[in-house]
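Take a look at the structure below.
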Amino acid sequence: MNSTTSRPSARRRALAAAVAAFAAGPALLTAPAAHATGGEGRASAVVLRTDLDVALLNKAVHVPLTATLNEVQAPASARRTALTVTLDGVEQGRPVSVLKADVATAQATADGRRAEGRTELARAKVHVPGLPLLSLIELEKVTARALCEAGGQPVAEANVQGRVTVLGKRVTLTAGGPTKVEVPGVGEVTLTLSGTRTTSRTAAATALALTVSVNPLKANVADVTGTITLAEATCESPKAPAAAAAPAAPTAPAAAKPADVRPQTAGEPPEANLAETGGSSLTPYLAGGSLALLAGGAGALALTRRARAARARG
């Protein structure tokens, strides 16, 4: 009795294993889709940047005057607000306030969608060594902005608003070219207004760029030469996510050529040709499942015949 009940159980297990093997076959054809992501953009901003050379009276000693105010960079958001920058040890050891301003801010932000740099400078005075009482330049307000968005055209903007005074002279700036201011016995300053440039993925804006050459002959300073940049912003667009590749179209079964068609007799088994029969990529799994089912059925039939023979003998 136990052997009789165990045989159907064995048959059921064999059939279940065959069905499981068949069902698992198509699952091997699937794979998780891949998604490409873009990188973060970049941005920077700076209120003031100096690159000056200070020559003392004997001209044997040159003191580099390099300074930046509120320089920030991103991927991570950054913001700085400082109103003055002071250098020590240039005018006979006394500090020099290069910049004094009521507003001096720089901000840079960047993520996977956009990058932006912003700068604002208002009611500002710039000094250089050797001119303690005379401002190199005074201005009311300058701003710069650079915006880069993924997939969009970068934008650069720069503005100079209100009055501008250079070496004590009121000047009118024009976009047509640089403006030169000369003061006898003091020197000259050349100003370039609102420079912007863009490419397919970058932008840069500079509100004012000054080329300086002054010879005050005071406070042990003979010459001050170099450049000063006021209100600068740059950005670089994030990389746009790469488009997911489209799945390849299935290849159509090749049509049988007339020359390949020939009569088949009972004694000739047909040739296996996937191209001619239209077989798909599932054929190996179907075939495997069918063989497993046939094997399970054959085993069950053999067990049944043995049981009948045993009963007949009994």
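None of the figures in this text is laboratory data; all of them are computed from the coordinates on show. Just so it is clear, the structure is predicted and the values come from calculations on it, not from any experiment. All Cβ positions, even for glycine, are placed from backbone atoms using ideal geometry, and neighbour counts span all protein chains on display.
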Once amide hydrogens are built 1.01 Å from N within the peptide plane, the residues lying 5 or more places from I137 or on another chain with amide H under 5 Å from its amide H are V126, L167
Scoring only Lys, Arg, Asp and Glu (+1, +1, -1, -1) among other residues with Cβ under 9 Å from the Cβ of V164 yields 0
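Longer than 24 Å from Cα to Cα, which of K59/K180; K59/K100; K100/K141; K125/K169 are they? Say none if no pair is.
Table pairs above 24 Å Cα-Cα are K59/K180; K59/K100.
Quick check: residue separation of E157 and K180 times 0.36 nm, minus the Cα distance between them. What number comes out in nm?
Details: separation 23, 0.36 × 23 = 8.28 nm, distance 2.31 nm.
Full-extension gain reported as 6.0 nm.
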For the stretch 49-180, averaging the sequence separation of alpha carbon pairs under 8 Å that lie six or more residues apart and dividing by its residue count, the contact order in percent is 15 percent
Share of Cα-Cα pairs in the stretch 136-233 beyond 15 Å, whole percent, is 64 percent
Taking 0.36 nm per residue of separation between T198 and R113 and subtracting their Cα-Cα distance, the length gained on full extension comes to 28.8 nm
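So what's the net charge close to A231: Lys and Arg +1, Asp and Glu -1, counting the other residues with Cβ under 13 Å from its Cβ?
Values: positive: R49, R118, K141, R145; negative: E71, E120, E140, E157, E232.
That works out to -1.
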Computed on Cα atoms, the radius of gyration and Dmax of the stretch 119-176 in angstrom are 15.3, 50
Within the under-15-Å Cβ sphere about Q73, not counting Q73, Lys/Arg +1 and Asp/Glu -1 give a net charge of -1
Expressed in angstrom and rounded, the centroid-to-centroid distance over alpha carbons for the stretch 106-172 and the stretch 209-240 is 12 Å
